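Here the structure comes first, spelled out in structure tokens, and everything after it is commentary.
The values are calculated or read from the model by the stated rules, or taken from the named source; none is laboratory data. None of the values given here were measured: they were computed from a predicted structure. In this analysis, Cβ positions are derived from the backbone assuming ideal geometry, glycine residues included, and neighbour counts consider all displayed protein chains.
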Amino acid sequence: MAGFTRREMNLLIGLGLAGLATGTFGKGAFASNGMKNPGKPVIDHIVWGVPELEEGRRMFESLTGVASVSGGRSPGNTVSHNALASLGNGAYFEIFCPSVVMKSGPWLDLVRADGKPKIVSFCLRVEDGFKGLQQNIPGAGLKGSEPRAMGRVRPDGVELKWKLLNISGSKVDNSLPFFIDWLGSRPHPSEDSPAGVLLKRFEVVHPDAAEVKRVFDALEIDIPVVAGDKPSFAAYLETPKGSVVLKG
């Protein structure tokens, strides 16, 4: 792993299986992002929380060989809080610095706990105004938030708008995704963010894998769930530098 600073190497120790590996990932990668059923959730992006944005960008580039691009600024902020890279198939990777835009919350807590980068969440996309999802939420024994409007201005001046919806009410809440409808905004970050990294598999790890799977089935989420000692996520990437696994 030549090219890392001493601090970056110390941070990488906290990534679990993060690193350069060899071999293939196997089958069961992730749900197709083709929107044949616009109400069925598919992977939109994976959120990699980092304590400092530029350092996180350097680490991602050192691991993958792909330089991320600034995602722009959220309203009221003068500095960028994220950087993006395409994962292919309509998905993208978000390097996210929660301390820039958050004063509290689970993502900020996760990153501050040990000061190391980690996958803090993942987002699924729908294109039906959350109608199908909202119909399925009660059957999963969950509650859905009111969709909230959000947006940001890209460095090139293009304004993107979307709505987010969160779900809660289960004992596995921290392993559940949040949801986005881009409201037709283009370009989608997967379309013009730096390419070269492909998401081969994304999985949710949880001690109660059966409960997570029950919720996913009720919400028509096609994401692998595996049993593990503690809740976490794993993204298996194919990159110009080989196979990389990021955990969190």
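Out of (1) within 21 Å of Gly132 (Cα to Cα); (2) at pLDDT below 95, what's the single condition that is false for Asp181?
(2)
Which of (1) in contact with a Ser or Thr (Cβ under 8 Å, 6 or more places away or on another chain); (2) surrounded by 24 or more Cβ atoms within 10 Å (Cβ to Cβ); (3) at pLDDT below 95 does Phe96 not meet, given it meets every other one?
(1)
Please give the number of the condition Ser62 fails out of (1) at pLDDT 95 or above; (2) within 23 Å of Met150 (Cα to Cα).
Evaluating Ser62 over (1) at pLDDT 95 or above; (2) within 23 Å of Met150 (Cα to Cα) leaves (2) as the failure.
How many residues are in contact (Cβ under 8 Å) with a residue 12 or more places away in the chain and either farther than 30 Å from Phe216 by Cα or outside any loop (DSSP other than H, G, I, E, B) (or both) when one looks only at the range 140-157?
Residues flagged as in contact (Cβ under 8 Å) with a residue 12 or more places away in the chain and either farther than 30 Å from Phe216 by Cα or outside any loop (DSSP other than H, G, I, E, B) (or both) within the range 140-157 amount to 11.
Which one of the conditions (1) out of contact with any helix residue (DSSP H, G or I) (no Cβ under 7 Å at 6 or more places or on another chain); (2) more than 17 Å from Ile46 (Cβ to Cβ) does Phe96 fail to meet, given that it meets all the rest?
With (1) out of contact with any helix residue (DSSP H, G or I) (no Cβ under 7 Å at 6 or more places or on another chain); (2) more than 17 Å from Ile46 (Cβ to Cβ) applied to Phe96, the lone miss is (2).
Could you give every pair whose Cβ atoms fall below 8 Å, whose first residue belongs to the range 43-62 and is closer than 27 Å to Asp222 by Cα, and whose second residue is among the charged types (D, E, K, R) and surrounded by 21 or more Cβ atoms within 10 Å (Cβ to Cβ), counting only separations of at least 6 or pairs across chains?
Taking only residues 6 or more apart or on different chains, the pairs are Ile43/Arg125; Asp44/Arg125; His45/Glu94; Ile46/Glu94; Val47/Glu94; Trp48/Glu94; Trp48/Lys118; Gly49/Lys118.
For the range 189-219, which positions are buried (at least 18 other Cβ atoms within 10 Å of the Cβ) and under 22 Å from Lys131 (Cβ atoms)?
Val215, Phe216, Leu219
This table checks each residue for (1) surrounded by 18 or more Cβ atoms within 10 Å (Cβ to Cβ); (2) among the small types (Gly, Ala, Ser); (3) farther than 23 Å from Tyr92 by Cβ; (4) at pLDDT 95 or above.
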{"site": "Lys103", "(1), (2), (3), (4)": "no, no, yes, no"}
{"site": "Lys116", "(1), (2), (3), (4)": "yes, no, no, no"}
{"site": "Pro147", "(1), (2), (3), (4)": "yes, no, no, yes"}
{"site": "Met150", "(1), (2), (3), (4)": "no, no, no, no"}
{"site": "Val153", "(1), (2), (3), (4)": "no, no, no, no"}
{"site": "Gly157", "(1), (2), (3), (4)": "no, yes, no, no"}
{"site": "Lys171", "(1), (2), (3), (4)": "no, no, yes, yes"}
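Looking only at the range 114-136, count how many residues are farther than 22 Å from Phe202 by Cβ and either part of a helix (DSSP H, G or I) or β-branched (Val, Ile, Thr) (or both).
Keep residues of the range 114-136 that are farther than 22 Å from Phe202 by Cβ, which gives 114-115, 128-129, 131, 134-135.
Adding the requirement that they be either part of a helix (DSSP H, G or I) or β-branched (Val, Ile, Thr) (or both) leaves 114, 131, 134-135.
Count: 4.
Can you find, within the range 93-113, the residue that is farthest from the chain's Cα centre (by Cα) among those that are of a type in the set (Gly, Ala, Ser) and either farther than 29 Å from Ser70 by Cβ or part of a loop (DSSP other than H, G, I, E, B) (or both)?
This residue is Ser104.
Identify all residues within the range 136-154 that are under 17 Å from Pro177 (Cα atoms) and either of a type outside the set (A, V, I, L, M) or touching a helix residue (DSSP H, G or I) at 6+ places or on another chain (Cβ under 6 Å) (or both); write none if there are none.
Correct list: Asn136, Pro138, Gly139, Ala140, Gly141, Lys143, Gly144, Ser145, Glu146, Pro147, Arg148.
Given the criteria within 25 Å of Val66 (Cα to Cα) and of a type in the set (Lys, Arg), does Arg214 qualify?
Values: within 25 Å of Val66 (Cα to Cα): no; of a type in the set (Lys, Arg): yes.
It is false that Arg214 is within 25 Å of Val66 (Cα to Cα) and of a type in the set (Lys, Arg).
Out of the residues in the range 178-228 that are part of a strand (DSSP E or B) and of a type in the set (Lys, Arg), state the one that is nearest to Ser145 (Cα to Cα).
This residue is Arg201.
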